[in-house]
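Below: one structure, written as structure tokens.
The values are calculated or read from the model by the stated rules, or taken from the named source; none is laboratory data. Fair warning: this is a prediction, and the values are worked out from it, not measured in the lab. Cβ: placed from backbone, ideal geometry, glycine included. Neighbour counts: every protein chain shown.
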Amino acid sequence: MKKSFSPHSGPEQSSRWLAYTQLILEKVSFDKEIFRKELRKSLRRLTATDIRRLEAWCINSLNLSLAVIAVQVIQEYAAMAM
């Protein structure tokens, strides 16, 4: 039986969401549009600190085209949040 990831509430929830987001983004990295959609959805759950961590992870761990998409989506999200 396959285990599913379910972040629980509590002080570590934010870090769990970050880890979960990284896992999902790795799994959908084969398709840029799905990657963009999942990244947008995940940003709503993350703290500002975790968004910065996620951006750094994308730049350091993903191929250049996905890293560029990630930076663009995060910048768009930041502009809307202001």
Open item on the list: Pull out all pairs, ordered by first then second residue, where Cβ-Cβ is under 9 Å, the residues are six or more apart or on different chains, the first lies in the stretch 18-32 and is within 15 Å of Ser65 (Cβ to Cβ) and of a type in the set (Gly, Ala, Ser), and the second is modelled with pLDDT of 95 or more and part of a helix (DSSP H, G or I).
Closed with: Ser29/Phe35; Ser29/Leu66
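This table checks each residue for (1) over 10 Å from the mean Cα position of the chain (by Cα); (2) at pLDDT 95 or above; (3) part of a helix (DSSP H, G or I).
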position: Lys2; (1), (2), (3): yes, no, no
position: Leu25; (1), (2), (3): no, yes, yes
position: Ser42; (1), (2), (3): no, yes, yes
position: Arg45; (1), (2), (3): no, no, no
position: Ile51; (1), (2), (3): no, yes, yes
position: Leu54; (1), (2), (3): no, yes, yes
position: Asn60; (1), (2), (3): yes, yes, yes
Task: Pairs with Cβ under 6 Å, 6+ apart, first in the stretch 43-70 and small (Gly, Ala, Ser), second surrounded by fewer than 17 Cβ atoms within 10 Å (Cβ to Cβ) - done: Ala67/Ile59
Task: Boolean, Glu33 is in a helix (DSSP H, G or I), exposed (fewer than 12 other Cβ atoms within 10 Å of the Cβ), at negative phi and charged (D, E, K, R) - done: yes
- [ ] Check whether at least one residue in the stretch 64-77 is at pLDDT 95 or above, among the aromatic types (Phe, Trp, Tyr) and in contact with a helix residue (DSSP H, G or I) (Cβ under 6 Å, 6 or more places away or on another chain), and report yes or no.
- [x] yes
